[in-house]
Amino acid sequence: MAGLSLELIGLQLFAGLALGSVYVLLAIGLSLIFGMLTVVNFAHGAFFMLGAYVGLWLLSIGVNFWICLVAVPLIVGGFGLAVERTLIRPLYGRGIDYPLLLTFGLSYIIVELVRIVFGKSGYPVATPDALQGAVDIGVGYFPLYRLFVMGVTALILVGLWLFLERTRYGLIIRAGARDAQIVRVLGVNISRVWLMVFGLGCGIAGLGGLLAAPLQGVIPEMGGPILAEAFVVTVVGGMGSLMGAVLAGLLVGVVVSMTSLFAPEMAKVAIFALMAVVLLIRPQGFFGRAGLMS
Amino acid sequence: MLRVEKLNAWYGASHVLQDVSLEVNRGEIVCLIGRNGAGKTTTIKSIMGLMERTSGSVTFEGHELLGRPAHERFAHGLAYVPEERRIVTGLTVRENLRLGLVSSPNRKKEAELIDRTAEIFPRLAERLDQTAITMSGGEQQMLAIARALISDPKLVMLDEPSEGIMPVLVDEMFELFQNLKAGGTTILLVEQNVELALGVADRAYVLDQGSVVHHATGAALLADAEIQERYCSV
């Protein structure tokens, strides 16, 4: 029995990392958008849900899953660009609560529109044929699709890291998150940078929704709980920190997964308990800068 | 080259600049002096496009700049080194210098320009790959100046570059300004260190309570104890 439980724990650890990968995809966008624009994007869960529905729709008209992986983030990201340009941009300079309330209201509108178009009940989404089944990962058989989700997340993270560390735009983003005025006087049109960062964050959230669809199905309300969890991740990791979002995302995934192994009814409570403990010990989170919100 | 006419600026409801007019000719060092709160910083921030509400006229080489965003003013050849250094401390010295080129057409010559900058600023050369936060205040200020100069701007505006910096570095800095002038760069300087500033300035404007109250050559103002006493003594 001892060997069996060790294997079970190992598998559950992997399940936690797969779940954490989805959190990471939401949290890096939230964190990027907050770090750069000081916008707390309450519509981020709605963009996640839109990703799942756009994917569902594309699959239903016969587009293959691999194309969806590219098309969904582009479509959702494009929608994010439109939202920043038309709704959020007029609110810059008016304090943190204006865009927060706007995105909060927007999330309700998006959810309601999806209910009108797709109906209130949810849909299951089939795992793509090529990604069905399970593979032996040493501690037992693990669903291939979940490994795939982890792999895609890792690719996105590596790509984002290279983009931020190695390119001119990355340098602008890293500097602009610290001091937007300096970047402006060095000739950068900061409005355009903010636009792109918002679109990028939303696009990655949309990809997260698409990847989560086969795991949990799609319903119009799917963005709500995961947004709350993604906020926990960004707070634990430190608002505005990408490294924090990644580590905290995986940690929260593992905490949920492990708690559900031992005390399933406590799983969702555990992450808020984790947040409380982290905030008591380190109010700015793992990698946050103290005083960022003030 | 730069002509400011009847420039007014507001912080919220308070009218902080009143009809400021001044001129900077190509190749000059022009200095703005006056007490704290006289409007020196606001004047150069308005020229760079960093004040929310301004009126009047700011033309640079014939282009009207007022109402244009800061990044377009950079594209016309204006550079600005703000107070308190404002280097990006999380980045390395090299990254800070690269940041000075991100929007410049010169960025294709990045490696060459960083080498050139390292020659002009030997203190930075030794520290290119250190994070900027590890440097002293004076070195950070040198970095901020180097970052503004790397794109070869036509006019550099500096806000109190010598503040809180050890005297050896201040001397180096003023030597640099004279070298820059010799190389054809135009400089608009805000300085608390009046004697030092007037020593290098071709002309100077004295500001008081948001208006220009006096204008003369650097040498004449340096000799004018009464004006200095009235408008600059703390």
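Before moving on, here are some points about what is shown:
- Any chance A:I156 is in a helix (DSSP H, G or I) and in contact with a helix residue (DSSP H, G or I) (Cβ under 6 Å, 6 or more places away or on another chain): no
- Number of the exception - A:S31 against (1) modelled with pLDDT of 95 or more; (2) buried (at least 24 other Cβ atoms within 10 Å of the Cβ): (1)
- Counting residues in the range A:133-145 that are in a helix (DSSP H, G or I), out of contact with any helix residue (DSSP H, G or I) (no Cβ under 8 Å at 6 or more places or on another chain) and either more than 14 Å from every other protein chain (Cβ to nearest Cβ) or open to solvent by 50 Å² or more (accessible area, probe 1.4 Å) (or both) gives zero.
- The single condition from (1) surrounded by 15 or more Cβ atoms within 10 Å (Cβ to Cβ); (2) in contact (Cβ under 8 Å) with a residue 40 or more places away in the chain; (3) not polar (S, T, N, Q) that A:L58 fails is (2).
- Checked against the criterion of being modelled with pLDDT of 95 or more, over 19 Å from A:F34 (Cβ atoms) and either within 14 Å of chain B (Cβ to nearest Cβ) or not in a helix (DSSP H, G or I) (or both), the candidates A:V188, A:V193 yield just one match: A:V188.
- Here A:F272 passes the criteria (1) at pLDDT 90 or above; (2) crowded, with 17+ Cβ neighbours inside 10 Å except the one numbered (2).
- Test: residue in the range B:146-160 that is without any contact (Cβ under 8 Å) to a residue 24 or more places away in the chain and away from every other protein chain (no Cβ under 14 Å): no
- Set A:V76, A:V125: member being aliphatic (A, V, I, L, M), open to solvent by less than 70 Å² (accessible area, probe 1.4 Å) and not in a helix (DSSP H, G or I): A:V125
- Residues satisfying the stated conditions in the range B:23-59, i.e. more than 14 Å from the chain's Cα centre (by Cα), buried (at least 20 other Cβ atoms within 10 Å of the Cβ) and within 18 Å of B:T186 (Cα to Cα): B:V58
- Complete set of residues in the range B:85-140 that are in a helix (DSSP H, G or I), of a type in the set (S, T, N, Q), more than 14 Å from chain A (Cβ to nearest Cβ) and within 21 Å of the chain's Cα centre (by Cα): B:T117
- Of the residues in the range B:52-62, at least one is closer than 25 Å to A:R192 by Cβ, out of contact with any Pro (no Cβ under 7 Å at 6 or more places or on another chain) and polar (S, T, N, Q).
- Every condition in (1) under 30 Å from A:V135 (Cα atoms); (2) hydroxyl-bearing (S, T, Y); (3) open to solvent by 10 Å² or more (accessible area, probe 1.4 Å) holds for A:S191 except the one numbered (1).
- For the range B:74-84, a residue qualifies if it is more than 7 Å from chain A (Cβ to nearest Cβ) and not in a loop (DSSP other than H, G, I, E, B), and the qualifying residues are B:L78, B:A79, B:V81.
- Candidate set from the range A:173-185 (those that are open to solvent by 10 Å² or more (accessible area, probe 1.4 Å) and within 8 Å of another protein chain (Cβ to nearest Cβ)); member that is nearest to the chain's Cα centre (by Cα): A:R174
- Total residues in the range A:248-266 satisfying the condition of being open to solvent by 10 Å² or more (accessible area, probe 1.4 Å), of a type outside the set (D, E, K, R) and more than 23 Å from A:G206 (Cβ to Cβ): the figure is 11.
- Number of residues in the range B:196-234 that are open to solvent by 20 Å² or more (accessible area, probe 1.4 Å), within 18 Å of B:R35 (Cβ to Cβ) and of a type outside the set (A, V, I, L, M, F, W, C) equals 12.
- The set of residues in the range B:37-73 being assigned to a loop (DSSP other than H, G, I, E, B), farther than 16 Å from B:A148 by Cβ and within 11 Å of chain A (Cβ to nearest Cβ) consists of B:E52, B:P69.
- In the set A:G208, A:G224, A:G217, A:G201, only one residue is at positive phi and either modelled with pLDDT of 95 or more or open to solvent by 10 Å² or more (accessible area, probe 1.4 Å) (or both); that residue is A:G217.
The values are calculated or read from the model by the stated rules, or taken from the named source; none is laboratory data. Predicted model, so just to flag it, every value in this text is computed and none were measured. Neighbour counts run over all protein chains shown; Cβ positions are idealised from the backbone, glycine included. Note: accessible area is taken over every heavy atom of the protein model, side chains too, but ligands, DNA and RNA are not part of it. Shrake-Rupley method; radii C 1.70, N 1.55, O 1.52, S 1.80 Å.
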